[in-house]
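To keep things clear, I will list the structure first and then write my remarks on it.
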Amino acid sequence: MTAMSEGLPDCMSCGLCCRKPAGAPEPYPEDIERWAAEGASAIAGRLAGRHGNDCPFLVAGPGFRCSIYPTRPLVCRHFAVGGSACLELRRQAGEEHPSNLRKIGFHR
Ligand code: SF4
Ligand code: SF4
C-alpha cells in the first residue's frame, strides 16, 4: 500500500530517507564509474565515510531536495517513494501528524 493510497502524498519532501539513521548512501561501483565519466568524482569523495549520517547533498527549504538528483546514486534511485521503508521512516518521525512536520525540519 502506498502513502497515496492511504490519503497521504507519496513524497512529502521530508528528506528522512536522506538523513540519519538512513543517511548518506554507499555508492556502487557503477556510480563511481558514472561520476568519473561525468567529471564528477568529487561526489564519491564527499560521500566517503558518511554512511549513516545526513547526506551532504541534501539541501533544505522549502522542503528538502537532492542537489545531485540527475546523477544520484543507484541506491537512491531504487528507494521506493511511498513504499514500506518510506512510510516507516515517516511513521517513526510522526509525520502522519501535520503538527509534527516542523519538528523534523519540514518547513514548506
Ligand atoms: S522519506 Fe519518503 S516522503 Fe520523505 S523525502 Fe524520502 S521518499 Fe519522500
Ligand atoms: S544523494 Fe540525494 S537522494 Fe541520495 S541520499 Fe543524498 S540527498 Fe538523498
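What follows is calculated from the coordinates using simple rules that are stated; it is not laboratory data. None of these values were measured; they are calculated from a predicted model. Cβ atoms come from the backbone with ideal geometry, glycine included; neighbour counts cover every protein chain shown.
Structure notes:
- Spin-label pair T71-N53: with each label point 7 Å from Cα along the Cα-Cβ axis, the two points sit 2.3 nm from one another.
- Projected label points at R91 and R34, each 7 Å from Cα along the beta carbon direction, are separated by 3.0 nanometres.
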